[in-house]
Structure formats: structure tokens, C-alpha cells
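The structure appears right after this line, and notes come after that.
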Amino acid sequence: MKNEKLKKMIVLSMLAAISYLTVFLIRIPFIPAVDFLKYEAKDVIIAISGFLYGPLSASLVSVVVSFIEMLTISGTGPYGLIMNIFSTLSFVLPAAIIYKRKKSINSAVIGLCAGVVVMTIAMLMWNYFITPLYLKVPTEVVVGLMLPGFLPFNLIKALINAVITFILYKPLVKILRKAKLMPKQEEPENSEKKSALLFNIIAVLVLIVLVGIIIAIKFLK
């Protein structure tokens, strides 16, 4: 039992470190109306921690990574910390909660789709309340940025992170099992393998389309 808890702590620490590293290395603005918002892939790693160990563990990783980010590379202070945590949890928690109830390919897809919807809607609300305080502008200015800026940014960001999470989750689990950091499971049935392959193909195609949209936006800018 203690050995399993130690392994869990090792894996979560590793995922937190990777999550922070992704923020440090990858920060891409792609919506002209809100160029102060930047895409980073940390939600992918935190979502994977939620799939592995549940929503509570994902919440812990999110808070730790966001706090370290605020102290080191972020210039947005407490406002950025709050928005980072809200953004990540609104994406990760629905996915982790749904997947925890039944660990299957379908549950992963449904959970990630729910995360995309919840995050997109939630961030419109939080931007309405918090962004005017951070930018020190009237609420009307932020409202004017909702449709051309915050909505497409959060929708595209959530979709990209959902797709990458789906693609990376199973390979990462296999690596952790080979490293004996997670217990082995029974081999999935052929029908489940076929479903996983189909969803992975779809995920790759969606990712290509989303990257193409970002390139087009940057080009048109």
C-alpha cells in the first residue's frame, strides 16, 4: 500500500514537472483580438493526471503548477493564477469525473468533449468578471472581446488539448506500466482496440484541422 502511494506521488510529481515545462517552452498567441492570451499545453498533462488518479489529484497538480508559474514566468500575478486554475479545472474536472465512473474509450471521449464545452462557457463567465479588473478597463470593453477573442481562443485551445490528451494517454500509461509505476491491466478486447484506433485517427485529423486554422489565423493577421 505504501509502495503504491509512493509510486503515485512519483508519477504526479513527474507530471507536474512536465506540465510546468510545457508552459515554459510553449506559449503561442494566435487570436489577434486577445494576443495577451497564449496557448500552452499544460492542461494536456493535468488531464492525463486526472485520468490516471482522479479529479482530486488533477486539482492538486493544477494548483501547484499554476502557483509555480505565477512565481517564475508569469507576469499576470494573482489574476493570472486565478484564471489559470479556473481554466484548467473547468476543462480537466468534467473529463476526470466522467472517466472515473467508467474507464473506457467512450467515457474518455465523452469526458473530454464535456471538458471542452464547460471550459469554453466557464471562461466566458470568468473573463467577464475578472479580466476588467486585470486590464483595468470597463466591462464593456471585455464584452466586446468575447466573440472575436475569448470565445474562439478558449474553444480552439480546449479542442487541441482534448485531442492531444486522447492521443497521448494510452501510450503514456503503457510507458508507466513498463516502468512498473502503474499496475498491469487485462488486454482490451479486439472491438475496443478497433474503437481506440478509429478515435485516434479522428483525433489526428481534428488536430491537423485545428493547427491549420491557427496557421490561417496567424497568416491573416
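The values are calculated or read from the model by the stated rules, or taken from the named source; none is laboratory data. Predicted model only: the values in this text are computed from it and were never measured. A quick note on method: Cβ atoms are made from the backbone with ideal geometry, for glycine too, and the neighbour counts reach across all protein chains shown. Accessible surface is based on the protein model in full, side chains and every heavy atom, while ligands, DNA and RNA are left aside. Shrake-Rupley method; radii C 1.70, N 1.55, O 1.52, S 1.80 Å.
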- Query: Which listed residue (THR139, PHE24, LEU12) has the Cα farthest towards the positive end of the charge dipole for the chain, taking +1 on Lys and Arg C-beta and -1 on Asp and Glu C-beta about the Cα centre?
  - Reply: LEU12
- Task: Under 22 Å Cα to Cα from LYS157, which lysines show up? Leave out anything in the same chain fewer than 8 places away.
- Result: LYS38, LYS42, LYS170, LYS218, LYS221
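Quick one: putting +1 on the C-beta of Lys and Arg, -1 on the C-beta of Asp and Glu, what dipole do you get for the stretch 1-126 around its Cα centre, in Debye to the nearest 20? Numbers along the way, then the final one.
Working: 11 positive and 5 negative charges, 126 e Å.
For this selection, approximately 600 debye.
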- Collect residues whose amide H, placed 1.01 Å from N in the peptide plane, falls under 5 Å from the amide H of TYR39; neighbours closer than 5 in sequence don't count. ILE28, PHE30
- Over all alpha-carbon pairs of the chain, lay out the pair-distance distribution in 10 Å bins, whole %, shortest bin first. 8, 32, 36, 18, 6, 1
- Query: If you roll a 1.4 Å probe over the heavy atoms of the protein chains, what accessible area per residue do you get for the chain, in Å²?
  - Reply: 56
- What's the angle, to the nearest 10 degrees (0 to 90), between helix 77-101's Cα axis and the longest principal axis of the chain? 40
- May I ask for log10 I(q)/I(0) of the stretch 96-221 at q = 0.10, 0.18, 0.19 Å⁻¹, from a Debye sum over the Cα atoms as equal point scatterers with solvent left out? -0.46, -1.04, -1.10
- Task: Give the angle, between 0 and 90 degrees and rounded to the nearest 10, that separates the Cα long axis of helix 55-72 from the longest principal axis of the Cα atoms of the chain.
- Result: 50
- Working from Cα positions, state the angle (0 to 90°, nearest 10) between the long axis of helix 105-135 and the longest principal axis of the chain. 30
- Query: Measuring from the lowest to the highest alpha carbon on each principal axis, how far does the stretch 1-104 reach, largest first, in angstroms?
  - Reply: 48, 27, 21
- Within the stretch 45-131, trypsin sites (Lys or Arg not before Pro) in DSSP loop having at most 15 other beta-carbon neighbours inside 10 Å: LYS102, LYS103
- If you take the Cα atoms of the stretch 57-139, find Rg, then find the Kirkwood Rh from the mean of 1/r over all pairs, what is Rg/Rh? 1.06
- Task: Mind putting a number on the dipole of the chain about its Cα centre? Charges go on the C-beta only, +1 for Lys and Arg and -1 for Asp and Glu, and I need it in Debye to the nearest 20.
- Result: 780
